[in-house]
Amino acid sequence: MIRPLDAATRAELPHTLPLWQLAEGRDAITRRFRFADFSTAWAFMSRVALLAEKLDHHPEWSNVWNRVEILLTTHDAGGLSERDIAMAQAIDAIEPPRIL
Ligand code: H2B
C-alpha cells in the first residue's frame, strides 16, 4: 500500500505541476498533448511507456490520431500519491518534438 498525498502537497499541485489539471470526479491528474501527426504522438507514447516500466507506474491514457490524453492516479493508494507527481514530472521532461 502506498500512502496518498498529504494535504500540503496536494495544495501545492498547481505550482508543482502547472501543466496538469485535477480530473473531474476522480482523485487523479490529467494532461492533454497534441502533436504534428500520429507518428509523433506514437513516438511520445513509446517514451512514456518506457518511463512507466522504469518507474513501475502506469498511466490511464488514450490516443486519437495526433492527440494523447494521460490520466495519472495510484491504484495501490486509491488516489493521488507521490508516484503520480514523479511520473508527471518525468513525462514533462520528455524532449520535443511534442506539443504543437
Ligand atoms: N500504476 C499505477 N498507476 N498505480 C499503481 O498502483 C500501480 C501502477 N501499481 N503500476 C504497480 C504497477 C503494481 O501493480 C506493481 C505490482 O508494482
Revision key, fill the gap. How many residues of segment 14-29 are out of contact with any strand residue (DSSP E or B) (no Cβ under 7 Å at 6 or more places or on another chain) and under 14 Å from Ser81 (Cβ atoms)? The answer is 2
**Study point:** Residue list for segment 59-75, restricted to those being surrounded by 13 or more Cβ atoms within 10 Å (Cβ to Cβ), more than 9 Å from the chain's Cα centre (by Cα) and within 7 Å of the ligand (Cβ to nearest atom)
**Key:** Thr74
**Study point:** Residue that is within 13 Å of the ligand (Cβ to nearest atom), surrounded by 12 or more Cβ atoms within 10 Å (Cβ to Cβ), part of a loop (DSSP other than H, G, I, E, B) and at pLDDT below 95, where the choices are Ile2, Ile94, Ile99
**Key:** Ile2
Practice item. Among residues belonging to segment 32-51 that are within 16 Å of Ala86 (Cβ to Cβ) and buried (at least 17 other Cβ atoms within 10 Å of the Cβ), point out the one that is farthest from the chain's Cα centre (by Cα). Key: Leu51
Exercise for review: Answer yes if at least one residue in segment 30-52 is within 16 Å of the ligand (Cβ to nearest atom) and among the acidic types (Asp, Glu), and no otherwise.
Suggested key: no
Practice item. Would you check if Arg10 is free of Cβ contacts under 8 Å to residues at least 60 places away in the same chain, part of a helix (DSSP H, G or I), away from the ligand (no atom under 16 Å from the Cβ) and charged (D, E, K, R)? Key: no
Practice item. Go through segment 20-58 residue by residue and tally those that are part of a loop (DSSP other than H, G, I, E, B) and farther than 16 Å from Thr73 by Cα. Key: 3
Check your understanding: Which pairs do you get when a residue that is on the phi > 0 side of the Ramachandran plot, found in segment 50-76, comes within reach of a residue that is in a helix (DSSP H, G or I), reach meaning Cβ atoms under 8 angstrom, with the pair 6+ apart or on two chains?
Key -> Trp65/Phe38; Trp65/Ala41
Review point. Taking into account only those residues within segment 18-31 that are over 16 Å from Ala90 (Cα atoms) and in contact (Cβ under 8 Å) with a residue 12 or more places away in the chain, which is surrounded by the fewest Cβ atoms within 10 Å (Cβ to Cβ)?
Key: Arg26
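The values are calculated or read from the model by the stated rules, or taken from the named source; none is laboratory data. A quick note: this is a predicted structure, and the numbers were derived from the prediction, not measured. Virtual Cβ from ideal backbone geometry, glycine too; neighbours counted across all protein chains shown.
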